[in-house]
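What follows draws every value from the coordinates through simple rules; no lab data is involved. Nothing here was measured: the structure is a model prediction, and the numbers come from that model. FYI the Cβ positions are ideal-geometry reconstructions off the backbone, even for glycines, and counts take in every protein chain you see.
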Amino acid sequence: MVDAGNSEKPVFPTGWPARCPPEDASCAEGQVYRITKKNPLEPSDFLSVREENKPFPPDRECEAAGLSVFQKREDAIHYRRKFPYLGDRIAQGTLTEEHGKLKPTPRGRNSHMTWWPYEGVERSKLFTLVEEKPCGP
Amino acid sequence: MWTIEGQETDWPKLDSLQPGRVLDFYDEPSLFTVRTRDGFDLLAYRCGADRDVDRFLLVPTNEKLLAEIEHNLISLREALTLQPWSWLVDRNLDGTLSRPLAVDPLKLPDRALPEEGVRLYADTDVFLRLRMIGRGIEAGHIPASVVKRAVEGATDAIKALVRHVLGASAITGRLSDVARRYYDLPAVHFAFRSFEIAFGKPSDPTELMDPDTFDQIRSLLVKGLSWAELATEGIPANPTSEWTAIVNALTKLAPPQKGTVQEVEVSGVLTGSEYRTVRLTRHTTRRISEARKLLNPDTMPHTDTGYVREFDKDKLTFTLRNAKGETLRFVEFSEEQYDDSLVAFETDRIVTIVSTETVGAAAELVSITFGSSLAEGNGEDNSSE
């Protein structure tokens, strides 16, 4: 657990590729949204591809260590519509510099960002569910 | 994970799902191209995942299809279900792939495909898109009535809202040049798999829209579409005048009770969000019909026969009189009706018009048909109330 009062500098998990997050990533700040499956939220809703031990392209090692989030709720909803398997719920979280690094990685002109959380950040506790997709036709 | 009937095949021959061109990304590439060992390009769409396996739908692709997807000219679901057969492959944690399963993509579970109408990017440049859905509407077989309904539906719907926002007089006469900016939008895209037309911003940069007016029009349409999405509710108990405009607009957009068009998808910036798609069905049409009865219980069309007098080219109005010179109806007409109305005026031919009441002094011309000439006819007044 990252303690704001602790003078120990937060670090990223070991084993990440060199220069990851990239140098142009900024301190995490602001409200973000992520598609989730569980209610209540679980840590599994906030695992990176790397943490899930899933294969990823060798040229995307750093992205695989991060998590997709959006600055705009509508963008998260749009992705939920494009990829329904991702989940029926949208969670909102407020990130600060204690929670890692953030970089805009838009597709088209959307608000997609990649979040690289520090080691020990309890990610699911930073978020609350704000929307559940209605079931049925 | 879900299962589906299919046939295991030895093709496509893939060693891995190494992405070529990545079209979309969420935590990892989620829509991308892959190349088979024998050099064929496929589009891979991540359609399912659990702890041990990621599942991908593979469909044949080419540059044309990729360009259509990336330029928002085709919905993702349509792009993935174009072919009668596609393949599913599962990717294991160690990167190995299952043997491909040939499947009918239309038989995939609903959650394994993108939602209807959603495109790769948000429709920020499209003001209004209508997609007409129905049996018999398919590439190469689009009845002209469907095309007409799509074009007129969009135009007339916005016109109904503009009339409310700018006032009834703004639609008629030369003032209509201002109003036309809002409803005579340029068509920026047609698609013929179902039938779809998209309207964008005015192409002439001098034809600027007043932001406040645009917002008011959008607000009315958003309110109407939000009501339309509800399954059962009627309009508010004491509807304000805007509901007449809203219901009139929805009437133009919703599918008819009978005919080829069974559903209409409405999307675009005017729906309130570039991400939103609202589906109007025949059930919606029935609700709209009920709402119209509540809002206009006494409105009946008028039918009159007479002669067009006092034709005003600027205000697009004329006065219909009988042979005795008695005024039957003061009428406003649209630019599309200008030619017929002018011919009636210039030739003194007897005409039969159908018109409806409006909030203004003039009735709105619905139709004008020619009867016998003044020299031949009696100029009877056949108006009905």
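What are the trypsin sites (Lys or Arg not before Pro) within region A:1-104 that DSSP puts in a loop, where the Cβ has at most 12 other Cβ atoms within 10 Å? List each step's numbers first, then the result.
Values: sites: A:ARG19, A:ARG34, A:LYS37, A:LYS38, A:ARG50, A:ARG60, A:LYS72, A:ARG73, A:ARG80, A:ARG81, A:LYS82, A:ARG89, A:LYS101; in loops: A:ARG19, A:LYS37, A:LYS38, A:ARG50, A:LYS72.
In loop regions of region A:1-104 (DSSP not H, G, I, E or B), the sparsely surrounded trypsin sites (Lys or Arg not before Pro) are A:ARG19.
In nm, to one decimal, how far is the modelled label at B:GLN18 from the one at A:CYS27, with both set 7 Å along Cα→Cβ?
4.1
If you keep only loop residues by DSSP, which trypsin sites (Lys or Arg not before Pro) in region B:85-168 have at most 15 other Cβ atoms within 10 Å of their Cβ? Can you show the working numbers first?
Working: sites: B:ARG91, B:LYS107, B:ARG111, B:ARG119, B:ARG129, B:ARG131, B:ARG135, B:LYS148, B:ARG149, B:LYS159, B:ARG163; in loops: B:ARG119, B:ARG135.
Sparse-neighbourhood loop trypsin sites (Lys or Arg not before Pro): B:ARG135.
If I build a Gaussian network model for chain A, linking alpha-carbon pairs within less than 10 angstrom, which residue out of A:ALA18, A:ALA91, A:ALA76 has the largest mean-square fluctuation?
A:ALA18
Given an 8 Å cut-off on Cα distances and at least 6 residues of separation, report the relative contact order of chain B as a percent.
Values: 740 pairs, mean separation 46.7, N = 385.
Result for chain B is 12 percent.
Quick one, what does Rg over Rh come out to for region A:18-80 if you take C-alpha atoms and the Kirkwood Rh?
Working: Rg = 13.2 Å, Rh = 13.4 Å.
The Rg/Rh ratio comes out at 0.98.
Would you give the gap between the C-alpha center of region B:63-111 and the C-alpha center of region A:34-74, rounded to a whole Å?
Between the Cα centres of region B:63-111 and region A:34-74 lies a distance of 22 Å.
Pop the C-beta distance of A:LYS125 and A:GLU97 into the FRET formula with R0 = 30 Å and round what comes out to the nearest 0.05. Don't skip to the answer; put the middle values down first.
Values: r = 17 Å, r/R0 = 0.57.
E(calc), rounded to 0.05, equals 0.95.
Relative contact order for region B:277-367 using alpha-carbon pairs under 8 Å, separation at least 6, rounded to a whole percent? Each step should come with its number before you reach the end.
Numbers: 132 pairs, mean separation 25.3, N = 91.
Once normalised by length, the contact order is 28 percent.
In peptide B:115-128, what is the residue-averaged number of other protein chain Cβ atoms found within 10 Å of each Cβ? Before the final figure, lay out the partial values.
Numbers: counts 7, 1, 1, 8, 4, 4, 6, 7, 0, 3, 0, 0, 0, 0.
For this peptide, the per-residue mean of nearby foreign Cβ atoms is 3.
Can you list the GluC sites (Glu not before Pro) in region A:1-74 that are in a DSSP coil and have 11 or fewer other beta carbons within 10 angstrom?
Numbers: sites: A:GLU8, A:GLU23, A:GLU29, A:GLU51, A:GLU52, A:GLU61, A:GLU63, A:GLU74; in loops: A:GLU8, A:GLU23, A:GLU29, A:GLU51, A:GLU52.
Passing both the DSSP loop test and the Cβ count: A:GLU8, A:GLU23.
Averaged across orientations, what area in nm² does the convex hull of the alpha carbons in region B:15-116 project? Intermediate values should be presented prior to the final figure.
Working: hull surface 25.5 nm².
So the mean shadow area of the Cα hull is 6.4 nm².
Set the Förster radius R0 to 22 Å, insert the Cβ-Cβ distance between B:ARG111 and A:GLU132 as r into 1/(1 + (r/R0)^6), and round the FRET efficiency to 0.05.
Numbers: r = 15 Å, r/R0 = 0.68.
The formula returns an efficiency of 0.90 here.
Could you give the angle, 0 to 90 degrees to the nearest 10, between helix A:73-82's Cα long axis and the longest principal axis of the Cα atoms of chain A?
Helix A:73-82 sits roughly 70 degrees off the main axis of chain A.
Along Cα→Cβ, 7 Å out, is where each label goes; now give me the distance between the ones at B:ASP184 and B:HIS141 in nm to one decimal.
So the two model labels end up 3.7 nm from each other.
I'd like the mean, over residues of A:83-94, of how many other protein chain beta carbons sit within 10 Å of each residue's own Cβ. Don't skip to the answer; put the middle values down first.
Working: counts 16, 10, 14, 6, 0, 1, 0, 0, 0, 0, 0, 0.
The mean count of partner-chain Cβ atoms within 10 Å per residue comes to 4.
Give me the one-decimal nm value for the distance between modelled label points at B:GLU5 and B:TRP85, 7 Å along each residue's Cα-to-Cβ direction.
1.6
Could you tell me what a quarter of the Cα convex hull surface of region B:60-198 works out to, in nm² with one decimal place?
That works out to 11.7 nm².
If the only charges are +1 at each Lys and Arg Cβ and -1 at each Asp and Glu Cβ, what is the size of the charge dipole of the protein assembly as shown around the Cα centre, to the nearest 20 debye? Please list the in-between numbers first.
Details: 65 positive and 82 negative charges, 150 e Å.
Taking the Cα centre of the protein assembly as shown as origin, the dipole is about 720 debye.
For chain B, compute Rh as the Kirkwood radius over C-alpha pairs and then the Stokes-Einstein diffusion coefficient at 20 °C and 1.002 mPa s; write the answer in µm²/s, rounded to an integer.
Working: Rh = 24.1 Å.
Estimated diffusion coefficient is 89 µm²/s.
Under Stokes-Einstein, with the Kirkwood radius over Cα pairs standing in for Rh, what whole-number D in µm²/s applies to region B:232-341 at 37 °C and 0.692 mPa s? Don't jump to the answer; show the numbers that get you there.
Details: Rh = 17.2 Å.
For the chosen part, D equals 190 µm²/s.
Cα centroid distance between region B:214-251 and region B:255-312, in Å?
12
Let me know the shape class of chain A, please: from the alpha-carbon gyration tensor, a ≥ b ≥ c as square roots of the eigenvalues, rounded when a/c is under 1.5, otherwise prolate if a/b is greater than b/c, or oblate.
On the way: a/c = 1.68, a/b = 1.38, b/c = 1.21.
Prolate, because a/c is 1.5 or more and a/b exceeds b/c.
With the cut-off at 18 Å, tell me which of the pairs B:LYS159/B:LYS223; B:LYS223/B:LYS252; B:LYS223/B:LYS258; A:LYS37/A:LYS103; A:LYS54/B:LYS107; A:LYS38/A:LYS133 have Cα atoms farther apart than that.
Working: B:LYS159/B:LYS223 16 Å; B:LYS223/B:LYS252 15 Å; B:LYS223/B:LYS258 26 Å; A:LYS37/A:LYS103 24 Å; A:LYS54/B:LYS107 27 Å; A:LYS38/A:LYS133 12 Å.
Beyond 18 Å between Cα atoms: B:LYS223/B:LYS258; A:LYS37/A:LYS103; A:LYS54/B:LYS107.
Go through B:ILE137, B:LEU66, B:LEU93 and say which Cα lies farthest out towards the positive end of the charge dipole of the protein assembly as shown; charges sit on Cβ, +1 for Lys and Arg, -1 for Asp and Glu.
Towards the positive end, the residue furthest out is B:LEU93.
Can you give the net charge of the other residues whose Cβ lies under 12 Å from the Cβ of B:LYS223, counting K and R as +1 and D and E as -1?
On the way: positive: B:ARG218; negative: B:GLU229, B:GLU242.
Around B:LYS223, the charge tally is -1.
With N set to the residue count of the protein assembly as shown, report its C-alpha Rg divided by 2.2 N^0.38 Å to two decimal places. Please list the in-between numbers first.
On the way: Rg = 29.0 Å, N = 522, 2.2 N^0.38 = 23.7 Å.
My calculation over the Cα atoms of the protein assembly as shown gives 1.22.
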